[in-house]
Every structure is written in C-alpha cells, then in structure tokens.
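*Asks:* Starting off with a structure, shown below.
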Amino acid sequence: MILSRETPHFLPTKGMKSEYYDRIFSMNIKRRVIPTEEIEKQLAICSEVRKEFEGKIPLALVDTFGCQQNEEDSEKIRGYLAEMGFEMTDDEFKADLIVINTCAVREHAEMRVFGNLGALTHAKKENPNQIIAVCGCMVQQEHIVDKIKKSFRHVDLVFGPDELWRFPELIYTVMTKRKRIFAPGSGDGCVAEGIPHLRSDKVKAWLSIMNGCNNFCTYCIVPYTRFRERSRQPGEIIAEARELVAAGYKDITLLGQNVNSYGKDLESSVNFAQLIRKVNDIEGDFVIRFMTSHPKDATDELFAAMRDCEKCEKHLHLPLQSGSDRILKAMNRYYNTEKYLALVDRVREFIPDIVLTTDIIVGFPGETDEDFEDTMRVIEKVRFDAMFTFIYSKRVGTPAAEMPDPFTREQKQAHFDRLVETQNRISEEKHREYIGKTVRVLIDGKDREDGVLTARTSGGRLVRVSGGESLIGSFVYVNITDCNTWALRGELV
Ligand code: 5AD
Ligand code: SF4
C-alpha cells in the first residue's frame, strides 16, 4: 500500500474492518465542478416552481442543525427558495415546504432530527400537500436513508450536501410528479458557484472557502459525508468577499473543515495565509475570522498573516481533541502534545494576546484515567480562553467505532464534568483580566431576552453592552467593567 496525503497514517488494529480502507480509496478525490449553465438551469426551474403556486405566496421553514458550514448551506437553500417565490416562516403548520438540514457529527443531533421529523406528522396531516425535505450530512449515510424510507413515510425528498446545487429541480419533480425522491449523492464532492444566498444576518456573514476533509480522524464522520477537500477558486472567494463588504457586512468568517489546507487541491498557488492577505486588501471597515484550523497544518506563514493583517481578528480555534499522546495517535491526529504545545508557544510569539479556543473529546474508546489526566495537564498549561467539550459519540463506519470501548457512560460523564468545571474556572479567570481595559468591539446584535446589545472583541469574546439598537453593525470602544465565565460586561466609552 502506498501512503499518500489521503491515506490515514495509522495502521488498522486487529479486527478493524478493511471496508474502511475500501471506502477511502473508492472515493473520487477529483473536483466535480458544476458548470454555470447548470446553475442557470436551476434558476430557470425556480420560475417554474413559482408558477405552480399560481400567484399564492408559499411559505417555507428551513431548520438547521450542526456547524457553520450547514448554516451557510441553509442560506443557499433559502436563496433558491426566495427565487421560487417563497417567504420564510417559523410555523410548521403554516409551511408549504419544510427543509431539515441535518448534522451527523454526534448521535445527539441525529436523535433530535428524528424527534423533530416524527413530530412533523401532525403538520403534514393538517396539510397533506406540504412537502418535507431532509438534507445535510445525516442523509449521506446509507442506514439513515433506509430508516427515513421505511419509518418516516411523510418525508418527500432526501438530498445530500453535494446535491444541493440542484435543489430546485428536485423540488419541482416532487411537486409535479408527486413522488418521493431520494438523492443522497453520488459519493464524490462538487464545487458549485453562483447559487444565490439569502443570508440570515445583516452584520456577520459566512463565506465558505472550501468543503470536505482529507484528515480521517478516526472518530469523525465528516470525510464520509462531505468527501475530499475541494477549494473554491481564490477569485470567486475574493469576489464574494467584495460583495459582502459592499452590502455592508462587517464580520466575515472564512469557513472550511480545515482552512489551513486551502488551495492544496488547486492549480493556483494561493494558500490560506495568502488568501487572508488578499481579503485583508479589500477596502472597507470589516473584520475577518476563520475556522477551523487543524494543528498539523498551522504554520508560521499563517501566524504572520494574522499578525500583519489589521482586519484579521486575533483568534485561533485550534482543536486539541485530547492531551494524551496515546489517544491522539489512535485518533489519527498527526501531532502529539509536545508539538501542540510548541505550536501554542509559537503563535503566542507572533501574537502575544491571541485568543485561543479548542475542542476536546472526552471518552474516546479506551481513554483511561491517566489519559484524561494528561488532557487536564495540557488544559492547565495552555489556559484556553474557551473550549467546546464533547463526549465521544460512536459513528457507524468510522474506525473508532470498531475500537474496544470498555468504559461506562458514567465514568466518561465524571471526566466530562471535571473538564468543564476546570475550563469554566480558567475562562472566568481569563475574562477577569479584561476588567478595567478598553477594547474595540463590533456590536453585532441584541439579546432576545433582555434587549442588551451583544458585541465581539477581536478575539471573539462575547461582550454585553447597554445601548441603542442603531449601534448594531458599528465598531465601538467599550470599558470592560465585569464578567462571568461566558461573557464580559462593557460600557460604551
Ligand atoms: N464524537 C464526539 N465529538 C466529535 N467531534 C467530531 N466527531 C465526534 C464524535 N464522533 C467533535 C470534534 C470536532 C468537533 C467539531 O466535533 O471535537 O472538532
Ligand atoms: Fe473530522 Fe475535523 Fe478531523 Fe476532518 S479534521 S476528520 S472534520 S475532526
């Protein structure tokens, strides 16, 4: 076997199914570019769908689970829906069309989707013409599609993330032929330009720069649901960023499963650090954020770009996953704790006040008390500003699902609780360091419950500020007066 970038570098353990390898090697790693004429055709079909409603304004509900990449996909679905003449609603009983955009990363999200889907039988009973569609990462898994086919007969349409570009055609067929359609995707990833967006925010915008993942962390389903890495052409990204700035967006987040490997699949020589510099060169008052970075691909060139670009926010989300070298190896993460800690030192040399956040998985198969204590030591050493913590969730078809997992849910939960408690303390201590300081923030919204304005620091920390709604979308200076684990309290200067 020849090892390549697409090949996981760990070796199969005894008993691990070779199907895993078969699936990796059978996946098409080429870019499938959808021609612009195809998208134009889809836009023409939108007008046909509009006609089907005969002058009535139809209503659609789009419910999104999971990551920012899914949020961005939902904005495209809403973009197409707007072209079809739909207006949006939150009421499932009023909706003519419901789209559930699903996430497969953990079982919990899948259970919620099935719960919501089950509840929709009531809405469909009252409105038998209602169309129910399920899309996203979950439906890229065969066993899930089978379950929907058999047990959720009120679902009319199923389509995978790489079939989204032909959503109008799928809807049109369901409407006119009145039959169920299952289009989970062909197993290769595509790149499609020109799909309209209906964005959900006026200040912050997601800008997807790539899709898919080549890393095959052994616990993760994403490489199977989103396929291999495909980068968008730099010209397309810059053009979209310019449009966003011209439309008044102030906060642009460059999105990808592993942004640090942006461009490696393209002939153009623009890498991620250079892409940041290019977006930074766009004139206007806005900030650039990005996520997510794999530690194995974070370089000095990236840190230098972050330091040099005045619009690039000083925040790095660098998932550690575990602080045990043994577990990191079993996770196929390509680094050990020594390398990770050296990387943290390095980024702090470039940008001393960098805000660092991370992801940790507790209870990976076979994780012992000692492994967990190793993680706790790394956490205390790095002192992350914030952390996303997850209990390991077994994903069918991934190598970790085949690894012995002898520890109980209670044991894992006890570790999880200790980790959260420790991180909460560290987050609050780090927040306390802001008190008395004046910081520049972007006011990006309003708390729905108490009406207090919400803002983000350069490092992405949440600040709650009293003030008028007209400030939303402005950069202001605030004095930090108080804090808790999750937020800072500020007063306008
Ligand atoms: N179980 C628990 N957490 C997971 N993640 C990915 N896959 C799993 C899984 N099977 C977490 C990782 C990743 C984040 C987006 O979700 O920490 O960084
Ligand atoms: Fe999943 Fe992220 Fe690992 Fe890719 S890098 S396999 S998306 S955890």
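*Asks:* Which of the residues that make up the stretch 266-278 are open to solvent by less than 50 Å² (accessible area, probe 1.4 Å) and either of a type in the set (D, E, K, R) or part of a loop (DSSP other than H, G, I, E, B) (or both)? Break it down stepwise before answering.
*Replies:* First, the residues of the stretch 266-278 that are open to solvent by less than 50 Å² (accessible area, probe 1.4 Å): 266, 268, 270-273, 275-276.
The answer is Leu266, Ser268, Val270, Asn271.
*Asks:* Here is a follow-up. Does the stretch 237-255 contain at least one residue that is under 16 Å from the mean Cα position of the chain (by Cα), modelled with pLDDT of 95 or more and either within 16 Å of ligand 1 (Cβ to nearest atom) or surrounded by fewer than 17 Cβ atoms within 10 Å (Cβ to Cβ) (or both)?
*Replies:* Looking for residues that are under 16 Å from the mean Cα position of the chain (by Cα), modelled with pLDDT of 95 or more and either within 16 Å of ligand 1 (Cβ to nearest atom) or surrounded by fewer than 17 Cβ atoms within 10 Å (Cβ to Cβ) (or both), one finds at least one in the stretch 237-255, hence yes.
*Asks:* Within the set of pairs 6 or more residues apart or between chains, which connect a residue that is closer than 17 Å to Arg461 by Cα inside the stretch 371-392 to a residue that is within 16 Å of ligand 2 (Cβ to nearest atom) and open to solvent by 10 Å² or more (accessible area, probe 1.4 Å) with Cβ atoms less than 6 Å apart?
*Replies:* Hits for this filter: Phe388/Asp359.
*Asks:* Out of Asp308, Asp281, Asp297, which single residue is over 19 Å from Glu380 (Cβ atoms), free of Cβ contacts under 8 Å to residues at least 40 places away in the same chain, open to solvent by 10 Å² or more (accessible area, probe 1.4 Å) and within 16 Å of ligand 1 (Cβ to nearest atom)? Give the derivation first.
*Replies:* Working: Asp308 fails: within 16 Å of ligand 1 (Cβ to nearest atom); Asp281 fails: within 16 Å of ligand 1 (Cβ to nearest atom).
It is Asp297.
*Asks:* Based on this model, can you work out whether His154 counts as in contact with a Lys or Arg (Cβ under 7 Å, 6 or more places away or on another chain) and open to solvent by 30 Å² or more (accessible area, probe 1.4 Å)?
*Replies:* Details: in contact with a Lys or Arg (Cβ under 7 Å, 6 or more places away or on another chain): yes; open to solvent by 30 Å² or more (accessible area, probe 1.4 Å): no.
Against the criterion (in contact with a Lys or Arg (Cβ under 7 Å, 6 or more places away or on another chain) and open to solvent by 30 Å² or more (accessible area, probe 1.4 Å)), His154 does not qualify.
*Asks:* Can you list the strands (runs of 3 or more DSSP E) lying wholly within the stretch 398-493 that have 2 or more residues being over 27 Å from the mean Cα position of the chain (by Cα)? Reasoning before the result, please.
*Replies:* Values: elements: 438-446, 453-456, 462-465, 475-483, 488-492.
Ranges flagged: 438-446, 475-483, 488-492.
*Asks:* For Pro223, all conditions in the list (1) in a helix (DSSP H, G or I); (2) more than 14 Å from ligand 1 (Cβ to nearest atom); (3) surrounded by 20 or more Cβ atoms within 10 Å (Cβ to Cβ); (4) not aromatic (Phe, Trp, Tyr) hold save one; what is the number of the exception?
*Replies:* With respect to (1) in a helix (DSSP H, G or I); (2) more than 14 Å from ligand 1 (Cβ to nearest atom); (3) surrounded by 20 or more Cβ atoms within 10 Å (Cβ to Cβ); (4) not aromatic (Phe, Trp, Tyr), Pro223 is out only on (2).
*Asks:* Sticking with this one: For residues in the stretch 323-370 being free of Cβ contacts under 8 Å to residues at least 24 places away in the same chain and of a type in the set (A, V, I, L, M), which is surrounded by the most Cβ atoms within 10 Å (Cβ to Cβ)?
*Replies:* Among them, the one singled out is Leu328.
*Asks:* If Thr176 meets every condition in (1) out of contact with any strand residue (DSSP E or B) (no Cβ under 7 Å at 6 or more places or on another chain); (2) in a loop (DSSP other than H, G, I, E, B) apart from one, which number is that one?
*Replies:* With respect to (1) out of contact with any strand residue (DSSP E or B) (no Cβ under 7 Å at 6 or more places or on another chain); (2) in a loop (DSSP other than H, G, I, E, B), Thr176 is out only on (2).
*Asks:* May I ask you to list the residues in the stretch 256-265 that are open to solvent by 10 Å² or more (accessible area, probe 1.4 Å) and not in a loop (DSSP other than H, G, I, E, B)?
*Replies:* Once the filter is applied, which keeps residues that are open to solvent by 10 Å² or more (accessible area, probe 1.4 Å) and not in a loop (DSSP other than H, G, I, E, B), the stretch 256-265 yields only Asn260.
The values are calculated or read from the model by the stated rules, or taken from the named source; none is laboratory data. All values derive from a computational prediction rather than experimental measurement. Please note: Cβ atoms are built from the backbone with ideal geometry, for glycine as well, and neighbour counts cover all protein chains shown. Note: accessible area is taken over every heavy atom of the protein model, side chains too, but ligands, DNA and RNA are not part of it. Shrake-Rupley method; radii C 1.70, N 1.55, O 1.52, S 1.80 Å.
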